[in-house]
Amino acid sequence: EAARFGGFAAPILHGLCTLGHCAQLLLGALADGDPARFGTLKLRFAAPVFPGDLLSVRAWPDGAGRVVFDARVDERTVVSDAYFAYR
């Protein structure tokens, strides 16, 4: 019912859950999974993610300790205008 109220035919993954998955993937890949090395994460939710979707994160270097990234489900961009800074 909540999904329908929000204009969706089916439940979506909460944005904070999508953010958490992106953060965990990036921290693990770039900072050995060490939470003490987590700096800043900024992103824009571009489209909904549905439970069971396979989220792919692509990142490009943007200086020392920083990457820009996006996240996709299939060919659909779900996270855009994003960066992750780490120590």
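Using a probe of 1.4 Å, the accessible surface attributed to residue 22 totals some 0 Å² when neighbouring protein chains are kept in position. Over the range 29-87, average the accessible area per residue using a 1.4 Å probe and give it in Å², no decimals. Solvent-accessible surface per residue comes out at 60 Å².
Using Cβ point charges alone (K and R +1, D and E -1), the dipole size of the chain about the Cα centre works out to roughly 200 debye.
Spin-label model, residue 76 to residue 32: label points 7 Å out along the Cα-to-beta-carbon direction sit 3.8 nm apart. What shape does the range 1-51 have by the C-alpha gyration tensor, where a ≥ b ≥ c are the square roots of the eigenvalues, rounded means a/c under 1.5, and otherwise prolate means a/b greater than b/c and oblate the rest? Since a/c reaches 1.5 and a/b is larger than b/c, the shape of the range 1-51 is classed as prolate. Rounded, prolate or oblate: pick one for the chain, where a ≥ b ≥ c are the square roots of the eigenvalues of its C-alpha gyration tensor, a/c under 1.5 means rounded, and failing that, prolate if a/b is larger than b/c, else oblate. It comes out prolate by the Cα gyration axes. Between the helical axis of 15-30 and the longest alpha-carbon principal axis of the chain there is an angle of about 30 degrees. Each residue, residue 50 and residue 8, gets one label point 7 Å from its Cα in the Cβ direction; the gap between the two is 1.0 nm.
The values are calculated or read from the model by the stated rules, or taken from the named source; none is laboratory data. Values in this document were obtained by computation on a predicted structure and should not be read as measured data. Glycine also receives a Cβ, built like all others from the backbone with ideal geometry; neighbour counts cover every protein chain displayed. Surface accessibility is based on the protein's heavy atoms, side chains included, excluding ligands, DNA and RNA. Shrake-Rupley method; radii C 1.70, N 1.55, O 1.52, S 1.80 Å.
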